[in-house]
Amino acid sequence: MNPDAFLVMEGINKRFGGTRALSNVTVRAERGEVHALVGENGAGKSTLMNILSGAVMPDSGRISIGGSVVTMASPHHANSLGIRAVHQEFSLVPHLTIAENILMGKLPTRGAGLWIDWPETRRRAGAILSDLGFTRLDVRARVSHLSVSHQQVVEIAKALAEKPSILILDEPSAVLSKDELAVLFSLIRRLRAEDTLVLYISHRLEEVFEIADRITVLRDGERVDTVRRDAVDQNDLIRMMVGRSVEEIYPRRAPRQGPEILAVRNLRREGEFADVTFSLRQGEVVGMFGLVGSGRTEVARSIFGAEPASSGEVRLEGRKLHLRSPRDAVSAGISLVTEDRKRDGLVMSCTIRDNVSLAAFSRMRRGLFLDRRRQARLVDEKVRALAVRPPVIGRLVKTLSGGNQQKVVLAKWLLSRTRVLVLDEPTRGVDIGAKVEIYHLINSLVETGVSVLLISSEMPEVLGMSDRVLVMREGRLVGDLARAEASEERLLQYAAGVMGNGTPAAGVRGNGAPRAAAAKGTT
């Protein structure tokens, strides 16, 4: 790599609590280059770009731009250096218009600066959109009235309003239509010709090979390599992104599966997923893998009644369920450990006792009143069985570590006598010791006849814990693999939409619906 490159990020390290996000990462990129960053979910791509854009401070390392060492004190400071970022999470103000969002902080004025010149504001914003190739938006429209894809367009226009020297695009295509993506790629090529450095993050490898000049691969917070696009193919990149075997942290379990417990048939939620069909047997762990935006979490929330499906059906032991709310799911025996435990799984200001009791108050009543002694006994049994530390049920949940908070969530659902446990990223943000404890807990639940749907972006976790693996891509179920068939490389090939010869993944029809998965969903 060129030591005198325009952008040098050298020896970047970052930890979030006990989690290592980046370890000694070095990236060099040039003006007039489209430099892609690829890697599995959690590889460190977004964290690295958040550091460059001033949103996150590194623990150590050096950044230089144009030969000058800089310290990114804030996003405002990064902007002053010519760096603009379009993040996955929008930074728009919903109640303001497109024009106001694009020119925020630099609205034209009149009358000695006392008044905003609204006609000029609309003219400038319209000119920016037109110059970028996005001509169909009314700059007077409120952002809150726009589709998600049009909000993404506004984000891009806002980032480019002042001609940045470095543009960061973090998964920009996730919500864009095919036509909008074509406009974006045309724009990126023009920026490259104008000597702008474009840093492009995407899990869609076909896009990377269409637009990138060079590609940096990150894995587990470390840089694997930087390669020229024409020196590798998609499967080379997949091997570089995977690059490891399943660690010996997953407890072995002999599958002893019983009859079908959960049957999901042709489940659809408009705009999110379609034609999802699969089943769960008693005592089975079925993994579900997919990249960002694949629809995994949306399927889980639909099964739990949090976001009811538009069509299709869910059956439990042959009985059709009407899942209009989470209460319906819990009553039927279906539980969901959510991806964001602090927002959706726990009441952080309450005690362990109250959190574990949330789904099982009916077991703790004596007549019309809560039996406090029975509550304490039932909660204490689960807290000790799950080795929550410290095992003090009167302790506030917000004082616990991430791993112990996750155990409290699990204890809540176990106390509700769940039959089907849906786990969405169950080990995110917990240390390796807590992970192993959670894996043992999952296995012990399965031994008692509980069926588990394990959703995870960590391929070793999916492969190490599952009897069968489902793969989601762009809202469709594109793979249903037995444990013996599944490998990290194969999962990523299905999730990215390519197989060994670079063609669309086998078992996928032209509309993205799975042939093999649909056939195997009733096994």
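According to the Kirkwood expression over distinct Cα-Cα pairs, how big is the hydrodynamic radius of the chain, in Å? Mind showing how you got there, number by number?
Details: mean 1/r = 0.0400 Å⁻¹.
Computed over the chain, the radius equals 25.0 Å.
To the nearest 20 Debye, how big is the dipole of the chain about its Cα centre, given +1 on the beta carbon of each Lys and Arg and -1 on that of each Asp and Glu?
Details: 74 positive and 62 negative charges, 459 e Å.
Once rounded to the nearest 20, the dipole reads 2200 debye.
Which order do peptides 96-106, 401-411 fall in by mean Cβ count within 10 Å, highest first?
On the way: 96-106: 19.7, 401-411: 23.1.
The packing order, highest mean first, is 401-411, 96-106.
Quick one: check the C-alpha center-to-center distance for the range 29-93 versus the range 271-330, whole angstrom.
The range 29-93 and the range 271-330 have Cα centres spaced 37 Å from each other.
Apply the a/c threshold of 1.5 to the C-alpha gyration tensor of the range 432-475 and tell me whether it is rounded, prolate or oblate.
Note, shape of the range 432-475 comes out oblate.
Give the angle, between 0 and 90 degrees and rounded to the nearest 10, that separates the Cα long axis of helix 372-385 from the longest principal axis of the Cα atoms of the chain.
For 372-385 against the chain, the angle is about 70 degrees.
Report the gain in length on full extension from Val392 to Arg189: 0.36 nm times residue separation, minus Cα-Cα distance, nm rounded to one decimal. Present the calculation step by step, with values, prior to reporting the outcome.
Numbers: separation 203, 0.36 × 203 = 73.08 nm, distance 5.93 nm.
Length difference between fully extended and current span is 67.2 nm.
Counting pairs of alpha carbon atoms under 8 Å apart in space and at least six apart in sequence, what relative contact order in percent does the chain give? Please list the in-between numbers first.
Working: 1047 pairs, mean separation 76.5, N = 523.
This gives 15 percent for the chain.
Mean residue ellipticity at 222 nm from the helices of the chain, using -39,500 (n - 2.57) per DSSP H segment of n ≥ 4 over the full residue count, to the nearest 500 deg cm²/dmol?
Working: 17 runs with 166 residues, N = 523.
Calculated from helices alone, the mean residue ellipticity at 222 nm is -9000 deg cm²/dmol.
Where does helix 178-193 land angle-wise versus the long Cα axis of the chain, in degrees 0 to 90, nearest 10?
Tilt relative to the chain: about 40 degrees.
Along the charge dipole of the chain, which of Val314, Ser325, Gly18 sits closest to the positive end, that is, farthest toward it, with unit charges on the beta carbon of Lys, Arg, Asp and Glu (+1, +1, -1, -1)?
Ser325
Among Ser147, Leu103, Gly464, whose Cα sits farthest toward the positive end of the charge dipole of the chain (+1 at Cβ of Lys/Arg, -1 at Cβ of Asp/Glu, about the Cα centre)?
Checked the options; the winner is Gly464.
If you project the alpha carbons of the range 346-417 onto the principal axes, what extent comes out on each, in Å, largest first?
Principal-axis extents of the range 346-417 (Cα, largest first): 36, 22, 17 Å.
Counting every Cα pair in the range 1-105, what percent are over 22 Å apart? Don't skip to the end; give the middle numbers.
Working: 1970 of 5460 pairs.
In whole percent, the share of Cα-Cα pairs in the range 1-105 beyond 22 Å is 36.
How far apart, in nanometres, would the label points at Ser23 and Glu447 be if each is projected 7 angstrom from Cα along the Cα-to-Cβ direction?
3.2
Could you compute Rg(Cα) / (2.2 N^0.38 Å) for the range 7-242, with N its residue count?
Working: Rg = 18.3 Å, N = 236, 2.2 N^0.38 = 17.5 Å.
For the range 7-242, the normalised Cα radius of gyration is 1.04.
Taking the mean number of other Cβ atoms within 10 Å as a proxy for protection, how do you rank 477-484, 193-200, 140-147 from highest to lowest?
477-484, 193-200, 140-147
Could the peptides 81-88, 26-33, 291-298 be put in order, highest first, of the mean number of other beta-carbon atoms found within 10 Å of their residues? Intermediate results must be reported in sequence, preceding the final value.
Details: 81-88: 19.9, 26-33: 17.9, 291-298: 21.5.
Sorting 81-88, 26-33, 291-298 by mean packing, highest first, produces 291-298, 81-88, 26-33.
Taken together, the values in this text are just the output of simple stated rules run on the coordinates, not laboratory data. This one's a predicted model, so the numbers in the text were calculated from it and none came from an experiment. Note that each Cβ is placed from the backbone with ideal geometry, even for glycine, and that neighbours are counted across all protein chains shown.
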